[in-house]
Amino acid sequence: MSSTTAAEHLSATTLLRFATAGSVDDGKSTLVGRLLHDSKSVLADQLEAVEHASRSRGQEAPDLALLTDGLRAEREQGITIDVAYRYFATARRRFILADTPGHVQYTRNMVTGASTAELTVILVDARNGVVEQTRRHAAIAALLRVPHVVLAVNKMDLVAYEESVFARIAEEFTAYATELGVPEVTAIPISALAGDNVVEPSATMDWYGGPTVLEHLETVPVSHDLTGCHARLPVQYVIRPQTAEHPDYRGYAGQIAAGTFRVGQEVTVLPSGRTSRISGIDLLGTPVDVAWTPQSVTLLLEDDIDISRGDLIVPSGDAPATSQDVEATVCHVADQPLTVGQRVLLKHTTRTVKAIVKDIPSRLTLDDLSQHPDPGQLVANDIGTVKVRTAEPLALDAYADSRRTGSFLLIDPADGTTLAAGMAGESFATEKSAEKSAATPADDGWDF
């Protein structure tokens, strides 16, 4: 099967992952509830439960926000705390949405929701315009390389559907997002409560001639064809049946992170750097000549090479550099701070290695994109630059080139808590971190 056939197959089952974000009470959950309700994606028993919960709170009409605010604390406070994932589909496309919190203290949850998103819907209250949290969410979307951003100016019914209000907000946000390097911004005036421009066009905003939110979600170009990207296969498991039927079978199983592999292709195994050729590819127990992302396959090589879980199989002519020194932008997600000299585990694809935080050159201030030099530590929701030294070489791509093989986690070796989510390479900020000359603390035997 050719790579063209692969692209056609993927486009036939188009899936869009998107996240919603915005300040508190901007109406994110109501928007998501309206999308689910008006696209006929709500089951009868779900709608009945929402109607019952709404009546118990003294509301006459169903509160559609309750379709996504599943935690009891969320429903009691009328806010979103955790990331709420929902799946729905229309005749044109399938969707996985992540409704993320608006509070500043839950910024890390937005990072979680947007990390795999191909589109982010950022809501703005038409009465308040672009606020600090709006800029923060736009910056995170840019940092995570989300290719499409939708600015949904909500609650237009509360500003008398004034076009000038929408135009002013759209212009201010677009200018800021462009400065961040966001490649595409689509502004849509909506009223999630009334349903204006969510699924059906608004009868009261005839001055707007663009798509509704759902129409844009259904038609936005999303490239799932990663067959042309750098081919990468993180080895998850080595298969050796050693049975009478397969006495010499040795296969290297994993999910292709990007690109295409073909029988006869010369490949390199990292970090060892040894080379071989692909002698066979098994897909669901069936031999194939070519395989592409995101298929889970087993590669067979012509030579017996020492390969184990965590190794990376790549084309010999397109191998990333390996290094024990990693400089990256991280979002700190744990309650305990991340400090210089701290021992951590670094998990990259299927590989986990010991590491030490050698330096924290800067912390990013999302409000104005300024760099705060030498913060000493990162606390919950902080985004900053870190330098990490690993015990073993890693083969990382730049996050801008591959969100899959350019990302990693920092983990507490004591209890397995995720400390930070990292993105290798340059962030969107243009300012360079100042070089530090101060010595780092003693490594207590973790000197790599």
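Any chance segment 183-193 includes a residue that's open to solvent by 50 Å² or more (accessible area, probe 1.4 Å) and part of a strand (DSSP E or B)? Within segment 183-193 (the criterion being open to solvent by 50 Å² or more (accessible area, probe 1.4 Å) and part of a strand (DSSP E or B)), the answer is no, since none of the residues qualifies.
Scanning segment 160-171 for residues that are assigned to a helix (DSSP H, G or I) and buried (at least 16 other Cβ atoms within 10 Å of the Cβ) yields V165, F166, I169, A170. Note on segment 316-332: residues that are surrounded by 18 or more Cβ atoms within 10 Å (Cβ to Cβ) and either more than 22 Å from the chain's Cα centre (by Cα) or not in a strand (DSSP E or B) (or both) total 2.
How many residues does segment 179-212 hold that are among the polar types (S, T, N, Q) and touching a Phe, Trp or Tyr at 6+ places or on another chain (Cβ under 9 Å)?
4
R92 meets all of the listed conditions (1) open to solvent by 10 Å² or more (accessible area, probe 1.4 Å); (2) assigned to a helix (DSSP H, G or I) but one, namely (2). Filter segment 333-351 down to the residues that are under 16 Å from D374 (Cα atoms) and in contact (Cβ under 8 Å) with a residue 24 or more places away in the chain, then identify the one that is least open to solvent (accessible area, probe 1.4 Å). Filtering segment 333-351 for residues that are under 16 Å from D374 (Cα atoms) and in contact (Cβ under 8 Å) with a residue 24 or more places away in the chain, the one least open to solvent (accessible area, probe 1.4 Å) comes out as L338.
For segment 174-218, a residue qualifies if it is farther than 30 Å from S427 by Cα and in contact (Cβ under 8 Å) with a residue 60 or more places away in the chain, and the qualifying residues are P189, I190, A192, L193, G195, V198, V199, E200, L214.
Answer yes if at least one residue in segment 235-257 is in contact with a helix residue (DSSP H, G or I) (Cβ under 9 Å, 6 or more places away or on another chain), buried (at least 16 other Cβ atoms within 10 Å of the Cβ) and in a strand (DSSP E or B), and no otherwise.
Scanning segment 235-257, I find no residue that is in contact with a helix residue (DSSP H, G or I) (Cβ under 9 Å, 6 or more places away or on another chain), buried (at least 16 other Cβ atoms within 10 Å of the Cβ) and in a strand (DSSP E or B), so the answer is no.
Report whether or not Q59 is within 30 Å of S164 (Cβ to Cβ), open to solvent by 10 Å² or more (accessible area, probe 1.4 Å) and either of a type in the set (G, A, S) or at pLDDT 70 or above (or both). The answer is no for Q59. Here is a check on your reading of the model: is T260 within 23 Å of T14 (Cβ to Cβ), open to solvent by 60 Å² or more (accessible area, probe 1.4 Å) and in contact (Cβ under 8 Å) with a residue 60 or more places away in the chain? So T260 does not fit the description; no.
When segment 377-396 is filtered for residues that are crowded, with 23+ Cβ neighbours inside 10 Å, in contact (Cβ under 8 Å) with a residue 60 or more places away in the chain and in a loop (DSSP other than H, G, I, E, B), only L396 remains.
The values are calculated or read from the model by the stated rules, or taken from the named source; none is laboratory data. As the structure is a prediction and not an experimental result, all values here were calculated from the model. When we count neighbours, we look across all protein chains shown, and the Cβ atoms used for this are built from the backbone with ideal geometry, even at glycine. With ligands, DNA and RNA removed, areas are computed over all heavy atoms of the protein, side chains included. Shrake-Rupley method; radii C 1.70, N 1.55, O 1.52, S 1.80 Å.
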